[in-house]
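The structure under discussion appears below in the form of structure tokens.
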Amino acid sequence: MSGDMDKPLISRRLVDSDGSLAEVPSKAPKVGILGSGDFARSLATRLVNSGFSVVVGSRNPKRTAGLFPSAAHVTFQEEAVSSPQVVFVAVFREHYSSLCSLGDQLAGKILVDVSNPTEKEHLQNHQSNAEYLASLFPACTVVKAFNVISAWALQAGPRDGNRQVLICSDQLEAKHTISEMARTMGFTPLDMGSLASAREIEAIPLRLFPSWKVPILLALGLFVCFYAYNFIRDVLQPYMRKHENKFYKVPLSVVNTTLPCVAYVLLSLVYLPGVLAAALQLRRGTKYQRFPDWLDHWLQHRKQIGLLSFFFGVLHALYSFCLPLRRSHRYDLVNLAVKQVLANKSRLWVEEEVWRMEIYLSMGVLALGVLSLLAVTSLPSIANSLNWKEFSFVQSTLGFVALMLSTLHTLTYGWTRAFEENHYKFYLPPTFTLTLLLPCVIILAKGLFLLPCLSRRLTKIRRGWEKDGAVKFMLPADHMQGEKTSHV
Amino acid sequence: MSGDMDKPLISRRLVDSDGSLAEVPSKAPKVGILGSGDFARSLATRLVNSGFSVVVGSRNPKRTAGLFPSAAHVTFQEEAVSSPQVVFVAVFREHYSSLCSLGDQLAGKILVDVSNPTEKEHLQNHQSNAEYLASLFPACTVVKAFNVISAWALQAGPRDGNRQVLICSDQLEAKHTISEMARTMGFTPLDMGSLASAREIEAIPLRLFPSWKVPILLALGLFVCFYAYNFIRDVLQPYMRKHENKFYKVPLSVVNTTLPCVAYVLLSLVYLPGVLAAALQLRRGTKYQRFPDWLDHWLQHRKQIGLLSFFFGVLHALYSFCLPLRRSHRYDLVNLAVKQVLANKSRLWVEEEVWRMEIYLSMGVLALGVLSLLAVTSLPSIANSLNWKEFSFVQSTLGFVALMLSTLHTLTYGWTRAFEENHYKFYLPPTFTLTLLLPCVIILAKGLFLLPCLSRRLTKIRRGWEKDGAVKFMLPADHMQGEKTSHV
Amino acid sequence: MSGDMDKPLISRRLVDSDGSLAEVPSKAPKVGILGSGDFARSLATRLVNSGFSVVVGSRNPKRTAGLFPSAAHVTFQEEAVSSPQVVFVAVFREHYSSLCSLGDQLAGKILVDVSNPTEKEHLQNHQSNAEYLASLFPACTVVKAFNVISAWALQAGPRDGNRQVLICSDQLEAKHTISEMARTMGFTPLDMGSLASAREIEAIPLRLFPSWKVPILLALGLFVCFYAYNFIRDVLQPYMRKHENKFYKVPLSVVNTTLPCVAYVLLSLVYLPGVLAAALQLRRGTKYQRFPDWLDHWLQHRKQIGLLSFFFGVLHALYSFCLPLRRSHRYDLVNLAVKQVLANKSRLWVEEEVWRMEIYLSMGVLALGVLSLLAVTSLPSIANSLNWKEFSFVQSTLGFVALMLSTLHTLTYGWTRAFEENHYKFYLPPTFTLTLLLPCVIILAKGLFLLPCLSRRLTKIRRGWEKDGAVKFMLPADHMQGEKTSHV
């Protein structure tokens, strides 16, 4: 496949007829490229394939010509920048100053900065690469674009990978020209405003799941705490009190009692901020007041927290299905049977225990089933095909059903154990009682908000009504999600 | 993150230079907005960020100015609508008439109706909001647009959420202008025809999974019926005939015998309409005759029915994996062992039962594995990357393989039970025999269609051949799926 | 739903006013269609709905008029092609020559070839349909377009199915005209270069998962080999040596020992080519030298191999969860208990075996959990939302973690068995020892590349440094993936 890449897809006749192309500059302008690295070459290939006439400027044209598609004209920098109106600058930031000698020829032209700083460069320089370029060439119009596209996506064409090209510049017309070029090349341009946004755009390829960092740390923190707690109760206490060696539980059983705790607490943390926000709106008597920053951030990370909850829930299911595969399970069963025979008991059956487990397992499967629907509708391609009403039904209504089912799952697991003294090892209550606190608060609060007096007031506030004297601020984006359908 | 939203991304220099922008109206026209609600504010933010010059008309400019991005000019309604050619109407339908005083100033301009009716309004009014607006301002061109975009998607930019903007209007050029504006704002405009489509477009945000309603009701109905049937056979009959208390089976075992029945019947309902359609085409001798409405609707809901079948299949798998975790399973095993010892039997082994279960389980896993491939290729982002031949191979060929594997799974589960009298409780046949009827008919029919005489005739019909005297009608969309590759 | 399809979405007023539309040809040109098949009709519907004025040319206008939307004008071929500048040719290749009589009227116009050859036609003719059409009408400009869109996607509108329209032509302006038409119809045009690309574009709808063929054959080959090996060891050897009948293991147990071998070897085959490529770059001292073809293809199929590995891993998990559901499992347990009682042993417990299984199962679940993250980020809609750094973190770092976890899973499964003589049946070593070879080589190599001397050299080479005398070639697309962030 890659073998076909360097063959020019556009016929020689077209590319050679520079004269005629120059007459229709809006459709196929002659473009210049400064630089001969990977990105410059991929850019040249893509531009040539999209019908542009490409001139590459190099300090050593002879050596570099072989690296470019044959339809691109490789020449000296001075010659390359003389005729095209648009010049791509595909060199490292540290070499920008070496281009200053071209200043006169570049005057009045559009310079497209496609560079990405390294992590170190981005931290050291407070000025973006594009703004630095603009300061070196005050007579040019600098446009930041294409830096979020990989060299590979450029060369292979936009069928694979992301199609969005973020563009910013202080000059509207230049931005429009480059937007049209991006569109012709098969990408989707997105206007990001003035050149001051360049630093933000240059930071995008340096990101590593920024919205996942806090949720993942939260989940890991919860895991460590619950694991330690369960280890003390399930392994350490039997060892210290009764000298029973249950250390074999460390790799699997203790993990499997910890996972559902984390999943359950995370799920309740998805619905807690909504409850807090509603309470705040009720107290303030208006929705036009900004929430505190921590609540705002929390509201915006609900999707990530919910997906982590689902992930831990799935791991819990997998670990649970592994339980009967353990050797310890087999030994326990055989030993129980032997004990029964030796005790001369003919039939073992505890009706209450049987019922407890059947309901417990059934609720768990249903909770996971409902959560999986939430996870699937979080996929970008599915979320995009839903309207707000549908998305809210799945994420809010079905999500609350999942929380209820998980609570039933936890309650049937606990059964009467919370009230039996022998389950308080080292005076520590069973883990499931700890995890029940948050969800019960949420379910109680949701119940309260259904009371006619509160529910009516909340509906009024969300439709725009305000208590006298409520202070107004500009509304952050997230709080208006629920308002779309009936308000304008 | 949302904290950065209200800072103007475009530099003041650009926005203030209204004069120069007015000279290039096609690129950055001055746009007006009437209204000060959430949507108006998000619209203003997005327009400002996309390089437009925004004037907001308010009845109380002083009070509302603080709510809008600083780059937007908030003034009185009369002033706001005087200079821009495009005015967004972002007020409630009930306030449309209050704008009538602006009629003279608005004459000849493009009014963009972005409103969404509430469910109640939509049912009460037979005239869409946009058509009502057009009737109030006969001298204006009304364009319906942006109502399917949420205020949140507008403000955050089109990187999140759906990008498609449905546009309709009776005037082509106005539609073109607004399409270009949507494109500049980063959305993908989609022409929906004349203003008469406005009602249809306004109904979109009110939808709640319309294509899922019938399939979900069907699945729930099947579940209730099969659950009742299984409850009678597995719980009630033992209780009434032998006074055995098996009510503990209600939450898990009976559910788990019901789930595969529903999944299996739903899967066969995916392939039945195709068989009926082929039979109908064979009898009629043409494909250019419309199918009856019920068959048409059925054919169009195959995807949803198939996904529900997969969902129930997965639940069945999860429930089955829970079986050995039950307390009742443990007790049964121990009791069996004790019984063996007491009976002085040394080795328990029924070769036939062993084979039955191994094949049964293996077929089940394979059927689920194949179904999961079908489910994955139903994801929009994957379905879009397949050509028709690939999509049809997965959905039709692999789907039929899944049906065959499920049939083998069911047959090995049943083994010889269908022919043993003691399995007919209350004279009711075992559930699996009931579910086998439909799939066997389908497999038989598919086999028949492979006979040379029928297969040849069907191929001819699908390539466009017609029996003499076959009546022609306009072809509904769905029936031509199979014809794409070789026909034009 | 399909019932609304044939009602014209655009008002009669617009479509009838041909005169005024003709004045704005760039926005709504009159277009002609030759042909009356399914595709011609869907095309007409879509064009009418997008605001074009459509004239259909038929040899029997009276008979075919009823098949087209009422807003389309159906007439004789000669009349249909007289006024529009763009004519869609929607007839079979074998009828192209019958259009030659229209040559004079078509001269100077744009002919859009929308046809798709059958598999047979594509193999027989070395000239694409579009090039054949161009040879018949030398006075026309032929554009290849819309053939990758199904008739169904055309009629239903681009909300469902793929939106990308591949376009090629030798004439830039014609390509631009058709691109704009495609955009107005709601599709995303993609320029594929000159008409010589038509054959490539015509081959796209004939493809059946070309990138999956080799990986699937590889996986099936591995499955057959490992299955045979395991069958000999687990079933045949006990039968021949001890006359034990273990044939019941054929449908499930042997499959379940084979699946993890295939999954594990496939996973290591994902990371092997990267190691080979790095070794090659180290030896050559440059990255600007093309890899051998087999390595290139291997590097490009890593995603497919990885997904197959995940699929086999999931099947392995499902089969494993089925193990305690088997009748043979129940019999074995009961027989073990009976044996214990008869041997008068009171407690069965092998601490080492217990530990082995707990670690083994835990590692397996974790490996599958990590692999599932890789699989999810392979979904197009998620992969597109990641930057290169994020994608590489998941696929490369997390993928290597999954390989390490799988290796631990395999090692704890094996425990000391590799060193016990009684596990060498027929002198054949246990299967897991065979599968460990490749992954251990990879882990070792990855460890070597971390040595300062090699790691520094590799980093230098990947940043563009070259050993003296290293020969340069044009770089294939795939090798530059890692270079985007810091290079330009």
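Every number here is computed from the coordinates shown, using simple stated rules; none is lab data. The shown structure was predicted, so the numbers you read here are calculated from the model rather than taken from an experiment. Reconstructed Cβ throughout: ideal geometry from the backbone, glycine too, with neighbour counts over all protein chains shown.
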Of all DSSP beta bridges having both residues in the protein assembly as shown, the percent classed as antiparallel (nearest 5) is 10
State, to one decimal in nm and shortest first, how far the label point of C:S211 sits from each corresponding label point in the other identical copies (label point: 7 angstrom along Cα-to-Cβ).
-> 2.5, 2.5
Loop-exposed GluC sites (Glu not before Pro) per DSSP, neighbour cap 12 Cβ within 10 angstrom, longest uninterrupted part of chain B = B:24-243
For A:V74, enumerate residues with amide H under 5 Å from its amide H, sequence gap 5+ or separate chain, H modeled in the peptide plane.
-> A:V56
Taking 7 Å along the Cα-to-C-beta vector as the label spot, tell me the B:D332-C:R417 distance in nanometres, rounded to one decimal.
-> 2.9
Mind checking the stretch C:366-475 for chymotrypsin sites (Phe, Trp or Tyr not before Pro) that DSSP puts in a loop (not H, G, I, E or B) and that have at most 10 other Cβ atoms within 10 Å?
-> C:F426, C:Y427
List, in the order given, every pair from C:K120/C:K213; B:K144/B:K303; A:K120/C:K389; C:K389/C:K460; B:K425/C:K246; A:K62/C:K175 whose Cα-Cα distance in the structure shown is over 24 Å.
-> B:K144/B:K303; B:K425/C:K246; A:K62/C:K175
Dipole size in debye (nearest 20) for the protein assembly as shown around its Cα centre, Lys and Arg Cβ +1, Asp and Glu Cβ -1?
-> 4060
At what distance in angstrom do the alpha carbon centres of the stretch C:62-122 and the stretch A:395-449 lie from each other?
-> 70
Only Lys, Arg (+1) and Asp, Glu (-1) charged, at Cβ; the stretch A:30-124 dipole about Cα centre in debye = 280
Farthest towards the positive end of the dipole of the protein assembly as shown, among C:V148, B:L276, B:S406 and with Cβ unit charges of +1 on Lys and Arg and -1 on Asp and Glu, lies the Cα of B:S406
Pop out the Kirkwood hydrodynamic radius of the stretch B:254-375 from its pairwise C-alpha distances, inverse of mean 1/r, in Å to one decimal.
-> 18.1
Rounded if a/c is under 1.5, else prolate if a/b is larger than b/c, else oblate: which is the stretch C:171-212, with a ≥ b ≥ c the root eigenvalues of its Cα gyration tensor?
-> oblate
When the Debye formula is applied to the Cα atoms of the protein assembly as shown, each taken as the same point scatterer, what base-10 log of I(q)/I(0) results at q = 0.04, 0.06 Å⁻¹?
-> -0.28, -0.65
Add +1 for every Lys or Arg and -1 for every Asp or Glu among the other residues with Cβ under 15 Å from the Cβ of A:A219, and state the total.
-> +3
Hydrodynamic radius by Kirkwood for the stretch C:381-459, inverse mean 1/r across distinct Cα pairs, in Å, is 15.4
Between C:V224 and C:Y424, 0.36 nm times their residue separation minus their Cα-Cα distance comes to what?
-> 69.9 nm
How big is the antiparallel share of DSSP beta bridges in chain A, given as a percent to the nearest 5?
-> 10
Distance in nm between B:L444 and B:A139 label points, each 7 Å along Cα→Cβ, equals 7.5
Selected from A:S169, A:A337, A:S82, residue furthest toward positive end of dipole (chain A; charges at beta carbon) = A:A337
Answer rounded, prolate or oblate for the stretch B:137-207, using the Cα gyration tensor with square roots of eigenvalues a ≥ b ≥ c: rounded when a/c is under 1.5, else prolate when a/b is larger than b/c, else oblate.
-> oblate
Low-density loop cleavage sites - trypsin sites (Lys or Arg not before Pro) in the stretch B:302-366, where at most 11 other Cβ are within 10 Å (DSSP) = B:R347
What is the projected area of the convex hull of the Cα atoms of the stretch C:332-374, averaged over all directions, in nm²?
-> 4.0
Scattering profile of the stretch A:138-259 from the Debye formula, Cα beads only, expressed as log10 I(q)/I(0) at q = 0.16, 0.21, 0.23 Å⁻¹, is -0.81, -1.11, -1.22
Report the percentage of all Cα-Cα pairs in chain C whose separation exceeds 31 Å, rounded to a whole percent.
-> 61
Taking one equal scatterer on every alpha-carbon of the stretch C:38-123, how large is log10 of I(q)/I(0) by Debye at q = 0.23 1/Å?
-> -1.26
The simple spin-label model distance between B:E352 and A:W212, using points 7 Å out along Cα→Cβ, in nm, is 5.4
For the stretch C:199-306: rounded, prolate or oblate by the Cα gyration tensor [a/c cutoff 1.5] = oblate
Taking a label point 7 Å from Cα toward Cβ, how far is C:L136 from its twins in the other copies, in nm, shortest first?
-> 5.7, 5.7
Tell me what chain C gives for mean residue ellipticity at 222 nm when only DSSP H runs of n ≥ 4 count, each as -39,500 (n - 2.57), the sum divided by the residue total, rounded to 500 deg cm²/dmol.
-> -16000 deg cm²/dmol
Lys/Arg Cβ at +1, Asp/Glu Cβ at -1, dipole of the stretch A:244-305 taken about the Cα centre: which of A:V254, A:W298, A:Y264 is farthest positive-ward?
-> A:W298
Could you tell me which helices of chain C pass both thresholds, a Cα extent of 24 Å or more along their own axis and a mean Kyte-Doolittle hydropathy of at least 0.0, with helices taken as whole DSSP H runs?
-> C:213-231, C:253-284, C:302-322, C:351-377, C:431-449
